[in-house]
Structures are given as C-alpha cells and as structure tokens.
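Undergrad: Structure in structure tokens, see below.
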Amino acid sequence: MHYGTFNINQAAGIILCSDIVLGENFYAKGHVVRQEDIVVFKTYGLRQLFGVEFEEGDVSYKIALHQTAAHICGKGLGYLTESDGVCRIVAAQDGVFVADESRLDKFNGFNEHFILNTIPPHSVIKKGDIIASLEITPPLVTENEVDDIIFRLSGNDSLLSLSPVNDKKAVLVYPHLLNDEDENRHFTAVVMKLVTNLEGLGLDFKQEISSRYDTETLADSLFDAFAAKADVVFVLSPLRSSGRRDVVASGLAMAADEVVNYSLPQIGASDLQVGQKAGCKIIVVPHAYDMAETSAIDGLIKHAVFTPHLSEASFAHKRSVPLTEIDPLPEEHMGRLIMPEGKSAAGEKADIGIVVLAAGQGRRSGTNKLMTADKKGEPMFMRAVNAAIASDAKPVFVVTGYRHDEMEEWLDRLDINVLYNPAFASGIKTSINMGLKSIPSSCDGAILLPADMPNITAADLNKLISRFDRTADKQLCLFTAKGVKSNPVLWSRSLYDKADIVPENAMTRVVFAEHADYTKSVEVKDKKKLLDVNFPNDVKLFADN
C-alpha cells in the first residue's frame, strides 16, 4: 500500500483513510474515490486528499476484521461489522464473559493498527449484549499482518468466549483459631460480601465446614469438601497469611494437586491464594476481604472459577492495585519524612543510559548465537542485559528483532525497556537509532552494548561511565586492548546522530578517526573481556564456559 496526499485531479481510485462529511454527502473510511466524487469534492473547495493506493498483497480492513474476529471469538459468541467500520462481538446466549486480561493486553501489543476493547472479563451478560469491539484503524492492511495476528492467536484457546451460568456447588471452610464472637462476626462479614459480589455467577453456597487452625486439620477439611463433590471451595482464614509457609497456605498445598497463586499485589489484602484439585477450585479469600477494595480480588476469583484448567501463567501478570483514596500524612509527622538521595550534582558522575543491541540474526555464527545457552541454561544475550542492569547506567533499553518472542520470555520478568525493531534485517544501524531515540533527555550520554559480548561486566561498564565528563560538549568513551578499539561505546548526547559501534575489522582499520579529538579509552589487559561472539568456534567457547 502507498499512503500519500493526492492532487484532487489524480485522486480517482484512491481509498479514503478516514470518514469525510460534506454537507449531506458522507464518504466512509475505505471508500474508493470515483470521478463523480471528485466533482463534489471540488465544489467544496477540496484540492487535495489524503488516502492510500491499493497494492498486491493488501486487504481491506473489513475483510481483515472478519478474518481476525473469526479467530478471536469462542463458544457462544458471534460478530458483525457495522456501518461505522467497527466489528462488534456479541453474546449469542446468556452466560459469563470469559477472557484473560494479560492475553488481552498482549493482543493489543501485536500490531498498532489492531485494537480490541472489551467489557470487564467475567461479567454476567445476556443474549444480544455487545461484549467487545474490534477496530482496524487504516482502510487497508497487508495479508502478512493479518496472517501474523492469526498465527499469534492460533497457539491457545479462543481469546474471548462465553461460559454458561451452570450451578456450581460452593463449600465454605472456616479454620477457627479462637472460635469466639469476634472471629465469627468477621467470617460472617466476609461471607456476606463474597456472596453479594459473586451474585449471578451460579455459585450455590450449600455447605459449611469448620476446622481448627492447623495445617493437617485444614487439609482434612478440604478433602471432606472434595468428597462432597464441591466445584469451588472458599477458605476463610482467621489471620492474614504471611506467605507460603503459613498454616493456611501449607494446608492448601497439602490438599491441592497444584497451587497456582500465593499472593496479590494489594496493600492490606495480599493473601489471595488459589489452587485446584481435579475439577475443583480452592480459593483462600484474603483475611481483610470485608474491609478491602475488592475489584481486583473478585476479578481473579472469577477467573479461577471460570477457567477450565488453571496454571501459574494464568496469574503471572497480576496488575498492581491502586490505592482508592489520597490520605495526607499528618503535619506533625512531616519532620520525620526520609528523603532518598538526590541525583548527582553537576560536575559529578554523569547520568548515562544504555542500549543493549540484541536484534541481529547472527548468520556467520551458523546458529542464533544470542539464544545459545551457557551451562546454567541462560542465553547469551542475557549476560549483556544482566551486566547493563547491574551497572550504574539507567535506564536500560534492549532492542530485539530476530526471535523476539523467545527473548521476551526472558525479558518479561525484568523492569527494563524492551524495543522491538521490525527492520532488524536492514542492519544494526536501525537498532542503534531506535535505541538512542528512546534514551531520555535527562541522560548525558548512552552506552551501545552489543549483546554478543558475554564477558562484559557491570564493573567494566562503570569504568566507561567514570571516564565520561558530563561538562564536555562532545565525548566518546570506549575500550582498547593493546591499542585496538573495541565495543561497548559510550556516546555523549550531542553525538547521537553519529553514534555507531566499533566494526569487527577494527584491528585493520582506523576506527572513529573523525572523533579522535574527544575520544577517551579504557585499557583492558585481558582480551577475553572483549570477546565478540561471531563464529561457530566463538559460540562453542561460550557454551562450554
């Protein structure tokens, strides 16, 4: 496809990128401009149109919506595209809307042109309710884009589905510590709120089981609930759980086939625990459930109830729960406030960002070298990432490209910035430009660290940073071994437009000669420090160490 601004006289056949309203005339996104349309446009004074030309391999957004929606919709859901160009996903029967929020977030990161918005997962809905809307923003997308979305969706159950509201036998288990009036009053308050919040989901609270507050007795009570053919067991604790070795958590682990969740990132109500025994779900309700803001808790409880088989991955991306009120600190306590150390004053250590370049294919090594594992099972590129994180450089950006999804599995557990470079095959310069554009303006400079240098450590990177003078206008710092320049390279902000890495034939070339006047070097005695893995022997050397 070719986007552009077209002279009105040459606009016939152009596809409109957005709706145009001219008096009583309406031209929708995707409309193919005709000669009679041009006459109307001219009468309203239009001299140019922004649109797109169809090319081989393109498909209209309506076809793309149809193909994508067919893979998104699961049981009990249908879809249709209305006149506004948005695909509505609709309940074909009564039930509960089932979706995994982490998967919804992931879908919206697949392609910036594909947008999916849904109602809150696990809402009770009626036949005919619209539960989601899917939009594709341009009038055309490529067949490759649609194929890519469908491929990504093909490795799992349908993204959206409908679960019928069937009766589920729910059993309440009370592990009593004191069994006094206050404890029973607390249990009652929790149950009342729980039943109210889960109303309409088909949970039939038919049975209650009392237990002592000790691990083995609680486990026995859970086995009693399983024997009673419970679909869901709710455990109410007399105390807030302090972790996996607590009484309730230990009892859950003893009775369940699998515990998939031990905590929730919510102040005061973190002790949500979830397990399963065959087809039965076991849910430990947070002790402070009756007093807490429970939208996040209820969401995960509903997810546990309606997900056929739970796994730790189902709860891996629990969102931080916001505080519901702004509560000012009393004035008399302000004098006790502890302030963290501020940023370095001018003239001291520089603020340096770092870009780890991990997008390449590594063809000369005969394999994807960056994913080659060491003896500990960690891929090579993570050596560079870990060194960057442990160094004084902040923030850390990792530019990925080839085999991005595999790398993301490792990077997802870290609080760093991951940038995907779709043009990685065009060369490392595209990754350098993407990384440096992302470095915040508060940084005095940035380090470019190739991910195929597994022996570089945080201490090495800090030596580069210590050589950098934040008061100098132009500056470049790099490593040398017996006079031969080597990566990584630290560039001052004023030189980002010229930034590059040291080429592999630096030994036979004059490297960065134009920057000689402001280049500083850090001499390295052990050349192994600067190992740059490029060839099969290098890869084997890394894997064996």
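The values are calculated or read from the model by the stated rules, or taken from the named source; none is laboratory data. Keep in mind it's a predicted model, so treat the numbers as computed, not measured. FYI the Cβ positions are ideal-geometry reconstructions off the backbone, even for glycines, and counts take in every protein chain you see. Only protein heavy atoms, including side chains, enter the accessible area calculation; ligands, DNA and RNA are left aside. Shrake-Rupley method; radii C 1.70, N 1.55, O 1.52, S 1.80 Å.
Undergrad: Yes or no: the range 369-376 includes at least one residue that is out of contact with any Pro (no Cβ under 8 Å at 6 or more places or on another chain), open to solvent by less than 50 Å² (accessible area, probe 1.4 Å), of a type in the set (K, R) and closer than 30 Å to G155 by Cβ.
TA: Checked the range 369-376: at least one residue is out of contact with any Pro (no Cβ under 8 Å at 6 or more places or on another chain), open to solvent by less than 50 Å² (accessible area, probe 1.4 Å), of a type in the set (K, R) and closer than 30 Å to G155 by Cβ.
Undergrad: Among the residues of the range 223-233, what is the count of those that are within 16 Å of L310 (Cβ to Cβ), among the aliphatic types (A, V, I, L, M) and outside any strand (DSSP E or B)?
TA: 1
Undergrad: Among the candidates I439, I428, which residue alone is open to solvent by less than 60 Å² (accessible area, probe 1.4 Å), among the aliphatic types (A, V, I, L, M) and more than 20 Å from A316 (Cβ to Cβ)?
TA: I439
Undergrad: Looking at A451, A446, A499, A472 in this structure, which one is open to solvent by 20 Å² or more (accessible area, probe 1.4 Å) and either modelled with pLDDT under 90 or among the aliphatic types (A, V, I, L, M) (or both)?
TA: The unique qualifying residue is A472.
Undergrad: How many residues does the range 277-295 hold that are of a type outside the set (S, T, Y) and not in a loop (DSSP other than H, G, I, E, B)?
TA: Qualifying residue count, the range 277-295: 7.
Undergrad: Looking only at the range 1-12, which residues are in contact with a Gly (Cβ under 9 Å, 6 or more places away or on another chain) and farther than 19 Å from T137 by Cβ?
TA: Residues satisfying the conditions are F6, A11.
Undergrad: Looking only at residues that are of a type in the set (S, T, N, Q) and touching a strand residue (DSSP E or B) at 6+ places or on another chain (Cβ under 7 Å) in the range 195-240, which one is surrounded by the most Cβ atoms within 10 Å (Cβ to Cβ)?
TA: For the range 195-240, the residue satisfying everything is S237.
Undergrad: Further question on the same structure: State which residue is nearest to D405 (Cα to Cα) when the search covers only the range 107-119 and only residues that are touching a residue at least 40 places away in the same chain (Cβ under 8 Å) and not polar (S, T, N, Q).
TA: Looking at the filtered set, the residue picked out is F110.
Undergrad: Tell me, which residue of the range 1-12 that is open to solvent by 80 Å² or more (accessible area, probe 1.4 Å) and not aromatic (F, W, Y) is modelled with the lowest pLDDT? Let's see the steps before the verdict.
TA: Of the residues in the range 1-12, the ones open to solvent by 80 Å² or more (accessible area, probe 1.4 Å) are 2-3, 5, 9-10.
If we keep only those that are not aromatic (F, W, Y) as well, we get 2, 5, 9-10.
Working: H2: 88, T5: 93, N9: 93, Q10: 92.
That would be H2.
Undergrad: Let me ask something else. Return only the number of the condition from (1) part of a helix (DSSP H, G or I); (2) of a type in the set (S, T, N, Q); (3) at pLDDT below 85 that S320 does not satisfy.
TA: Of (1) part of a helix (DSSP H, G or I); (2) of a type in the set (S, T, N, Q); (3) at pLDDT below 85, only one is false for S320: (1).
Undergrad: Please go through the range 13-55 and give me each residue that is open to solvent by 20 Å² or more (accessible area, probe 1.4 Å), in a loop (DSSP other than H, G, I, E, B) and closer than 23 Å to T142 by Cβ, ordered by number.
TA: Selection gives G13, C17, S18, D19, A28, K29, G30, H31, F54, E55.
Undergrad: If L478 satisfies every condition in (1) open to solvent by 10 Å² or more (accessible area, probe 1.4 Å); (2) outside any helix (DSSP H, G or I); (3) at pLDDT 90 or above; (4) within 22 Å of A359 (Cα to Cα) but one, which is the exception?
TA: The number of the failed condition is (1).
Undergrad: Can you find, within the range 299-316, the residue that is least open to solvent (accessible area, probe 1.4 Å) among those that are assigned to a helix (DSSP H, G or I) and small (G, A, S)?
TA: A304
Undergrad: If you go through the range 262-276 one residue at a time, do you hit one that is in contact with a strand residue (DSSP E or B) (Cβ under 8 Å, 6 or more places away or on another chain), small (G, A, S), assigned to a strand (DSSP E or B) and farther than 14 Å from I297 by Cβ?
TA: yes
Undergrad: Of the residues that sit in the range 144-186 and are part of a helix (DSSP H, G or I) and β-branched (V, I, T), which one is most open to solvent (accessible area, probe 1.4 Å)? Steps first, please.
TA: Our first condition is that a residue be part of a helix (DSSP H, G or I); within the range 144-186, this holds for 144-153, 181-186.
So of that shortlist, the ones also β-branched (V, I, T) come out as 146, 149-150.
Values: V146: 1, I149: 0, I150: 32 Å².
Per the criteria, the residue is I150.
Undergrad: Could you tell me how many of the residues in the range 254-298 are open to solvent by 50 Å² or more (accessible area, probe 1.4 Å), in contact with a helix residue (DSSP H, G or I) (Cβ under 9 Å, 6 or more places away or on another chain) and within 13 Å of A219 (Cα to Cα)?
TA: Result for the range 254-298: 2.
Undergrad: Out of the residues in the range 97-141 that are open to solvent by less than 50 Å² (accessible area, probe 1.4 Å), polar (S, T, N, Q) and under 16 Å from the mean Cα position of the chain (by Cα), which is modelled with the highest pLDDT?
TA: N111
Undergrad: Also: Could you check how many residues of the range 168-206 are charged (D, E, K, R) and more than 20 Å from A292 (Cα to Cα)?
TA: 6
Undergrad: Given A69, A91, which one is within 28 Å of D167 (Cα to Cα) and open to solvent by less than 20 Å² (accessible area, probe 1.4 Å)?
TA: On inspection, the qualifying residue turns out to be A91.
Undergrad: Return the residues of the range 231-259 that are in contact with a Phe, Trp or Tyr (Cβ under 7 Å, 6 or more places away or on another chain) and modelled with pLDDT under 95; say none if nothing qualifies.
TA: Correct list: R244 only.
Undergrad: Right, something else. If you go through the range 260-296 one residue at a time, how many are of a type in the set (D, E) and modelled with pLDDT under 95?
TA: Qualifying residue count for the region: 1.
Undergrad: Still on this structure: For M339, only one of the following conditions fails: (1) of a type outside the set (S, T, Y); (2) within 24 Å of the chain's Cα centre (by Cα); (3) assigned to a loop (DSSP other than H, G, I, E, B); (4) at pLDDT below 80. What is its number?
TA: Only one criterion in (1) of a type outside the set (S, T, Y); (2) within 24 Å of the chain's Cα centre (by Cα); (3) assigned to a loop (DSSP other than H, G, I, E, B); (4) at pLDDT below 80 is unmet by M339, namely (2).
Undergrad: Kindly indicate whether L177 is among the aliphatic types (A, V, I, L, M), at pLDDT 95 or above and touching a helix residue (DSSP H, G or I) at 6+ places or on another chain (Cβ under 8 Å). If you could, list the steps in order and put the result at the bottom.
TA: Values: among the aliphatic types (A, V, I, L, M): yes; at pLDDT 95 or above: yes; touching a helix residue (DSSP H, G or I) at 6+ places or on another chain (Cβ under 8 Å): yes.
When the stated conditions are applied, L177 passes them.
Undergrad: Which one is nearest to C280 (Cα to Cα) among residues in the range 196-222 that are polar (S, T, N, Q) and part of a helix (DSSP H, G or I)?
TA: S221
Undergrad: Residue check, M254 against (1) over 20 Å from R319 (Cα atoms); (2) part of a loop (DSSP other than H, G, I, E, B); (3) not hydroxyl-bearing (S, T, Y), all met but one. Which one?
TA: It is condition (2) that M254 fails.
Undergrad: Please determine whether any residue of the range 454-468 is farther than 21 Å from L370 by Cβ, in a strand (DSSP E or B) and not acidic (D, E).
TA: The answer is no; no qualifying residue exists.
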